[in-house]
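Only the coordinates and a few stated rules stand behind these numbers; no lab work does. None of these values were measured; they are calculated from a predicted model. Cβ placement follows ideal geometry from the backbone for every residue including glycine, while neighbour counts extend to all protein chains displayed.
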Amino acid sequence: MRRPRSCCTPTPEQPRQGPHCSRTSGRVHGRYVRRLADAAIGGKPVVVELLVRRFRCLNGACTAVTFVEQIEGLTTPTDLGSSG
Ligand SMILES: [Zn+2]
């Protein structure tokens, strides 16, 4: 079995605040690998595989059921309730 070229979990296991409301959630709904294209190194394109977590929002009045954590400096909040 081949291992992923690069895969890391840059965030500690801690609750996250959703981008849509101020409620903090520690209820992990799932995890998935997100690919980030980066600048080429040595003429070869580099893809960073980032393991991010999807949280379930605990705010019953919130329109978003789940949200994906954002890694500061790496990801942007483009996934707001869309399929991921
Ligand atoms: Zn929410």
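Per-residue extension of 0.36 nm, minus the Cα-Cα distance of residue 44 and residue 76, leaves a gain of 9.1 nm for this segment. Couplings 3J(HN,Hα) of region 20-31, computed from phi: 9, 8, 8, 6, 8, 10, x, 8, 6, 8, x, 9 Hz, in residue order, whole Hz [Karplus 6.51 cos²θ - 1.76 cosθ + 1.60, θ = phi - 60°; x for Gly and Pro].
Computed on the Cα atoms alone, the convex hull of region 7-68 gives a volume of 90 cubic angstrom per residue. Label reach from residue 58 (point 7 Å along Cα→C-beta): in region 17-38, amide nitrogens under 17 Å belong to 17-30. Dividing the mean sequence gap of close Cα pairs (under 8 Å, 6+ apart) by how many residues region 7-68 holds gives a relative contact order of 35 percent. Annotation: amide H of residue 29 within the under-5 Å range of 54, 55, 56, sequence separation 5 or more or interchain, hydrogens built in the peptide plane.
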